[in-house]
1. Would you calculate, for the chain, the mean residue ellipticity at 222 nm contributed by helices, counting each DSSP H stretch of 4 or more residues as -39,500 (n - 2.57) and dividing by all residues, to the nearest 500?
2. Cβ under 13 Å from Lys39's Cβ, Lys39 left aside: what net charge do those residues give with Lys, Arg +1 and Asp, Glu -1?
3. I want to check a number: in the range 42-153, how many lysine pairs have alpha carbons closer than 22 Å, given a sequence separation of 8 or more or different chains?
4. State, to one decimal in nm², a quarter of the convex hull surface area for the C-alpha atoms of the chain, i.e. the direction-averaged projected area.
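What follows is calculated from the coordinates using simple rules that are stated; it is not laboratory data. Owing to the predicted nature of the structure, the values given are computational and were not obtained by experimental measurement. Please note: Cβ atoms are built from the backbone with ideal geometry, for glycine as well, and neighbour counts cover all protein chains shown.
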Amino acid sequence: MAVGAVRKKTYHRRSRYSALAEISRRLERRYRSASLGNKANPLDELIYIQLSVRTPEGAYLGTWPALRRLVNGSWSRLIRLPERRIVQALRSGGMAGVKAKRLRGMVRAIKKRFGRVSLSPLKAMPDDEVEAFLRSLPGVGPKVARCVMMYSLGREVFPVDSHCRRVLTRLGFVPRNVEIKASHDFIQPIIPPHLRRPLHVNLIHHGRTVCTSSRPRCSECFLADLCPSARSYDPNILTASRS
Ligand code: SF4
């Protein structure tokens with residue numbers, strides 16, 4: 001793209017793949033898919049992501065070790081422990097009562113389905129069955145289910161968190177009128193399977209550091225020449241391809 005040019009419209013279907021591949025390449029070069037703390041064990045990941053739901057990062061990072069200490073390495077203890085002790089461990093992250101109930105409900109449902117408190121049986125199940133089971137658990141929606149699938153089971157799905165949704169919308173891949181609930185099934189099919197994990201991870205990094213919710217730093221953004229929103233946030237922006 002020529003110096004000074006900025007994309008003005010949303011992406012057309014034909015160019016979507018190459019645009020996403022280029023964006024993914026630049027994001028990967030900057031963020032290197034750096035770990036966000038996700039877990040290799042699917043049950044650990046399910047619980048870790050549950051703790052993060054509608055919770056600031058700093059808050060849930062503190063409740064994870066507190067909960068691990070409480071169960072002493074065995075998640076089945078969540079069933080036997082008094083609920084007030086779970087609430088106490090989760091208090092600093094907020095929504096402690098709701099999260100405690102959900103966690104106990106999840107662990108009970110997993111034990112009922114598989115006869116033990118483990119999500120290892122999911123490894124042998126196809127994607128649609130895995131997602132359906134996870135979404136049947138208390139408090140588990142598409143984002144949580146697909147995080148478990150992507151981070152811990154190696155499935156090529158795309159969890160849509162608030163950063164991914166915001167940055168992809170500003171980049172012109174998601175119409176602004178797509179409702180949050182519908183965005184999961186709108187966005188996943190447009191992302192090529194092999195780009196889903198790196199794009200998810202790197203879009204979160206980009207959303208946290210550059211394309212922030214309240215004040216996107218378009219003049220410093222290495223995607224500005226590909227972004228139809230850059231000029232609406234910074235009318236004076238002059239962009240060149242930074243590939
Ligand atoms: S140019 Fe601005 S709106 Fe577009 S991705 Fe970068 S920071 Fe976000």
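1. The per-residue figure over the chain is -15500 deg cm²/dmol.
2. -1
3. The number of close lysine pairs in the range 42-153 is 9.
4. Seen from a random direction, the Cα hull of the chain projects 13.4 nm² on average.
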